[in-house]
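Here's the structure, in structure tokens; my notes come after.
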Amino acid sequence: MKARFSCALTGSLWWKPYLLLVVLTLAIIGPMEYAMLTLQPQEQNPEVILWTFLFVIVMAILVTVVSAALTMVLARIAAPTVALGSARFSFDGKPGEYAKMNLTGILLTLLTFGFYGPWYYRNIIAYCVYHTEYAGTRGGFAGKPGKYLKYILLGLGVPIFIWTIAFGALVVGIMASSGDYNVDMSAILTATLISYVFLFLLMTPFIYLTYKWLINISWKNGAITLNARFFPSVFYIMGQILLCFVTFGIYLPALYVNMWRYLVGKTVYEENGAKAEFGFDGKTGSGFALLWGQFLLILVTVGIYSPWAAARCTRYFIENTFVETNGNDSLIAGS
């Protein structure tokens, strides 16, 4: 049995909270960016630098809390527009509760110099999964924060450390070969671009492990997991990243579509030995045109069209996603 998701989300359903989120985010980020741009350490005393730094931290926390609260409002509107079989999804997360959770998580992450981050991230995901309901069933997130901390340290920390040393040595070598007064800036810019390509490639195992960790949800008597092997997945992600760099970012919408197809196509629901397989049959070309078109409309309307753009893009991804039950029809309501 093949069951397709449906989505009835439109911009008119959520444009007020969506635009409010955009306006408040810009209103908070604007002063923060201005403070960072106008700060010139060589002309300021340490006290001014400290207060500017604290101001930026406070504003970053504020924008996170505000966006968290409004995200719950948007999710409560969007979830009931999504259906599978004869049942619709629902979401009952509370804006105040979610904002408080984010505030606590950010403060603990700062106080522990980032080490609480995986626990904070895990709590956020678990909250969203638990407050999502389908056909009277709520899920549970099974990802372990300790495991994700290991992924961060080995899959993210080590590549960044290696890249920093290699990039620093490369820049020093270029400057030394150029002489004291004739630094070749074009060579430095080229080296910077190439080094960022290698940095992203070094990070692909971490990207894969993050998705593997994220797609780990208990549901009914089974589990939804990512059934993707390490090396094929890493090489696939590398290829998508390289295409983005080669095309100077033009390929980015196609990357979103192809990554969604790959990850959804590797996601399975297993219960008592029976497997239901997810899939995505949206065309890369149509998705590429849709995403670029919506982005351009957002630019032309100075962001006003963004709720409608987000709704159209959401419908494209959801409506082209399906589940092949393979006899495990209990996953689909009404089957």
### Selection from region 63-118 of residues that are of a type in the set (S, T, N, Q) and within 18 Å of the chain's Cα centre (by Cα)
Thr64, Ser67, Thr71, Asn102
### Query
Residues of region 272-326 being out of contact with any strand residue (DSSP E or B) (no Cβ under 9 Å at 6 or more places or on another chain), small (Gly, Ala, Ser) and not in a loop (DSSP other than H, G, I, E, B), which ones?
Gly285, Ser286, Gly287, Ala289, Gly293, Ser306, Ala309, Ala310
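Residues are listed down the side, and each one gets a yes or a no for (1) within 23 Å of Thr321 (Cα to Cα); (2) within 21 Å of the chain's Cα centre (by Cα); (3) assigned to a strand (DSSP E or B); (4) modelled with pLDDT under 95:
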residue	(1), (2), (3), (4)
Phe5	yes, no, yes, no
Leu9	yes, yes, no, no
Leu19	no, yes, no, no
Thr25	no, yes, no, yes
Pro31	no, no, no, yes
Met36	no, no, no, yes
Gln42	no, no, no, yes
Val48	no, no, no, yes
### Task
Look through Tyr120, Tyr134, Tyr148 and report the one residue that is surrounded by 17 or more Cβ atoms within 10 Å (Cβ to Cβ), of a type in the set (Phe, Trp, Tyr) and touching a Ser or Thr at 6+ places or on another chain (Cβ under 6 Å).
Tyr120
### Message
When the residues of region 222-271 are narrowed to those that are in contact with a Cys (Cβ under 8 Å, 6 or more places away or on another chain) and part of a helix (DSSP H, G or I), which ends up nearest to Gly139 (Cα to Cα)?
### Response
Leu255
### Message
So if I check each of Leu243, Leu255, which one is surrounded by fewer than 17 Cβ atoms within 10 Å (Cβ to Cβ) and either hydrophobic (A, V, I, L, M, F, W, C) or over 27 Å from Arg315 (Cβ atoms) (or both)?
### Response
Leu243
### Query
In region 238-291, how many residues are aromatic (Phe, Trp, Tyr) and under 16 Å from Phe322 (Cα atoms)?
5
### Query
Which members of region 95-108 meet the condition of being within 15 Å of Cys128 (Cβ to Cβ) and either surrounded by 15 or more Cβ atoms within 10 Å (Cβ to Cβ) or touching a Ser or Thr at 6+ places or on another chain (Cβ under 7 Å) (or both)?
Pro95, Tyr98, Ala99, Met101, Asn102, Gly105
### Summary
Within region 152-194, restricting to residues that are crowded, with 16+ Cβ neighbours inside 10 Å and closer than 25 Å to Gln240 by Cβ, the one that is modelled with the highest pLDDT is Ile152
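The values are calculated or read from the model by the stated rules, or taken from the named source; none is laboratory data. What you are looking at is a predicted structure, and each value in this text was computed from that prediction instead of being measured. Using ideal geometry, Cβ is built from the backbone for each residue, glycine included, and neighbour counts are taken over all protein chains shown.
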